[in-house]
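Okay, so here's the structure we're looking at.
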Amino acid sequence: MTKELEGLARKARIYALTMIYHAGSGHPGGALSAMDLLCHLYFREMDYDPADPGRPDRDRFILSKGHACAGQYAVGCLAGCLPLAELGGFRKLGRKLQGHPHVGATPFVETSTGSLGQGFSVAVGTALGLRHRKIEARTYAMIGDGEIQEGEIWEGAMFAAHHRLHRLCVVLDYNKLQSDDLNRNIMGVEPVANKFRAFGWRVEEIDGHQFDAIEGAFGGFNRETGRPTLILAHTTKGKGVHYMEDRPHWHGSVKMTEDNLRQALTDLNCNPETIGKCRDGTIWEESLD
Amino acid sequence: MTDANAPQLIGMAGDSLREAFGKALVSLADQYPDFVVLDADIAGGTGTHHFRKARPDRFYQCGIAEQNMMAMAGGMASTGMPVFVTTFAVFCLRALEQARLSIAYADRNVKIVASHPGLEVGPDGASAQCLEDLAAYRAVPGMTVVSPADPHEMALATEAVLRYNGPVYMRSGRSPAERIYDASHTFELGKAHILRSGNDVTLVACGSMVSRVLAAARTLAASGIQARVVNLATLKPVDREALVTCARETGCFVTAEDHNIHGGLGSVVAEVLAQHAPCPLEMVGVRDTFGESGEPDELRVKYGLTPEAVVAAANKVIARKREAAS
């Protein structure tokens with residue numbers, strides 16, 4: 001089970017990095033830190049039908065840290081929500097995969113994000129709407145650690161607890177880095193777990209790269225009957241690529257060179273010649289082994 | 001039995017647009033069983049207290065947290081129901097970016113209804129007198145922008161925006177409003193309504209300025225000037241055809257709005273005229289300044305939003321038209 005997810009996460013990392021390389025821009029660090037959590041969500045946790053993305057009782061996932069969407073697109077592609085041919089169009093004119101998720105362009109994306117804090121509120125509203133309409137579906141969102149500096153997060157956190165939205169699960173990809181520097185050098189966010197507990201949330205604190213721990217945390221969420229859940233997942237920004245790990249500039253302000261990509265693919269046990277399989281702006285010709 | 005010591009809500013006795021809105025929501029609730037209403041701790045100010053009382057199961061109190069409320073409205077609408085989100089116009093500015101991304105860009109069926117627009121807010125002062133909302137919301141792609149003229153039209157517009165599937169920003173109003181329309185009036189989203197015919201000048205207004213422009217037209221008529229009066233309740237999408245026809249038939253315009261002259265109704269009309277039917281235009285509105293405390297009528301006098309100001313602008317623009325023709 002875990003081995004299968006590890007394999008999928010490896011492929012998703014390869015896809016995401018190759019997409020970002022061919023796009024000429026993007027946000028690799030946060031996509032890599034979130035990838036194991038995204039794989040668990042799409043392959044183990046959520047109830048949805050890739051062939052029927054509008055099914056009313058589907059579970060919803062909202063990537064509030066929208067800049068990490070290369071990760072969501074890659075995992076969504078592996079899960080059958082998106083044809084492989086679309087990945088080469090990431091961030092390209094006239095194509096579906098926008099630089100930040102857009103519900104109007106991509107079928108399995110639930111809302112448009114890219115302005116931090118908003119996806120969290122949309123998820124709260126979605127959970128409330130589903131409950132209002134008596135639809136037994138769950139709502140998931142993923143936020144970043146820098147994102148909780150937005151006041152809107154705490155407005156939404158207060159609302160979700162007040163209204164006891166226990167079918168809402170928010171995953172915090174806690175990689176300790178934001179755009180310019182470490183959280184603690186920009187504006188300290190600790191104690192994160194206790195802040196959410198004080199706001200009335202159930203908090204599960206785990207290693208966000210350990211699939212057994214991830215499964216256990218979602219199990220806790222699914223047993224909860226009174227409170228919204230925060231899964232505080234400790235992660236490594238740039239996970240899986242040695243020169244990106246824990247380096248703030250790989251958040252999104254650095255352009256990946258061909259050498260960067262070759263090195264990354266080597267780290268991920270992938271033949272560097274694979275980069276040729278994604279032709280600029282057109283299609284990804286075949287699946288990776 | 002009434003309690004003489006019970007607190008009285010200010011403005012509730014009057015015939016305000018916010019009251020008309022709140023009562024319309026109640027009367028629409030049976031016919032439209034899906035919509036819900038969100039409020040940020042000012043249901044007594046937006047008129048939605050009527051709906052809260054009548055339909056508590058369809059009313060959600062969001063607390064003093066407008067940014068979360070606005071984005072949440074987008075999320076709720078995504079589950080398949082129309083959502084009314086209500087607060088003061090100034091707080092809609094606070095949550096403008098949420099309205100932009102999570103409602104307009106996501107194309108959600110959300111109706112943002114804003115009370116307390118413009119100087120008609122009165123004594124609360126400049127912090128609450130929103131003079132920028134029409135300009136800001138008009139600039140958001142896909143956003144329909146509406147400002148009804150009287151309580152009857154407010155009720156009709158509430159149903160019209162509910163029947164329309166898409167994002168809407170609509171002004172209501174705080175202070176008692178003059179009745180303009182009788183029960184025979186119909187409202188069509190996107191259509192200008194001609195209230196008075198005349199070929200010397202077109203007076204275009206929205207919201208609380210429509211009744212003032214009608215008063216101005218009566219004064220002008222006494223001096224032999226026949227003014228056409230247009231209620232442009234839908235600022236976006238604008239009824240271009242109607243404005244172009246008015247331009248051809250009257251040759252000059254005055255716009256009047258309880259809003260900054262930059263970016264609101266005057267700008268809407270100027271954009272249409274400049275591109276499709278150039279002719280002289282004068283704008284009545286707040287001239288790029290903040291308001292202050294005072295009663296609405298006092299403020300209108302001080303800031304030039306009176307029928308007299310419209311008359312003066314009409315005389316000036318007619319003179320410009322004649323000068324251009326000679």
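Summary table
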item: Cα-derived Rg over Rh, computed across segment A:2-277 with Rh taken as Kirkwood radius; result: 0.94
item: Under 5 Å, built H, 5+ apart or other chain: amide partners of A:V171; result: A:A141, A:M142, A:I143, A:I231
item: Cβ neighbours within 10 Å from other chains - mean over B:105-117; result: 2
item: For chain B, calculated [θ]222 nm from helices alone, where every DSSP H run of n ≥ 4 adds -39500 (n - 2.57); result: -11000 deg cm²/dmol
item: Accessible surface, per residue, of chain A when the full set of protein chains is kept, probe 1.4 Å, Å²; result: 38 Å²
item: For segment A:131-282, share of DSSP beta bridges that run antiparallel, in % to the nearest 5; result: 5 percent
item: Partners for A:K65 among aspartates and glutamates (Cα-Cα distance below 14 Å; same-chain residues under 8 apart left out); result: A:E110, A:D145, A:E147, A:E150, A:E152, A:D173
item: Nearest-ten-degree value, helix B:240-250 long axis tilted from longest Cα axis of chain B; result: 30 degrees
item: Of all DSSP beta bridges in segment B:193-325, antiparallel share, percent nearest 5; result: 20 percent
item: Complex-versus-alone comparison for segment B:59-89, residues with a loss of 50 Å² or more in accessible area, probe 1.4 Å; result: B:Y60, B:N68, B:M72, B:T79
item: Accessible area per residue, Å², chain B with all protein chains present, probe 1.4 Å; result: 39 Å²
item: Eligible aspartates and glutamates near A:K134 by straight Cα distance, threshold 13 Å, same-chain separation 8 or greater; result: A:D57, B:D34, B:D57
item: Counted charge near A:G146, where neighbours are those whose Cβ lies closer than 14 Å (Asp, Glu -1; Lys, Arg +1); result: -4
item: Accessible surface buried upon B-A contact (total; probe 1.4 Å; Å², nearest 100); result: 2100 Å²
item: Rg [Å, one decimal], Dmax [Å, integer] - the protein assembly as shown, C-alpha atoms; result: 27.6, 89
item: Listed residue pairs exceeding 28 Å between alpha carbons, taken from A:K11/A:K255; B:K111/B:K191; A:K92/A:K195; result: A:K92/A:K195
item: In degrees, nearest ten, helix A:28-40 long axis to first principal axis of chain A (Cα); result: 60 degrees
item: Accessible surface of segment B:157-262, 1.4 Å probe, proportion on carbon and sulfur as whole %; result: 45 percent
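The values are calculated or read from the model by the stated rules, or taken from the named source; none is laboratory data. Note that the coordinates shown come from a computational prediction; the quantities given were computed from them, not determined experimentally. Positions of Cβ are backbone-derived with ideal geometry, glycine not excepted, and every protein chain shown enters the neighbour counts. These area figures cover heavy atoms from the full protein model, side chains too; ligands, DNA and RNA do not enter into them. Shrake-Rupley method; radii C 1.70, N 1.55, O 1.52, S 1.80 Å.
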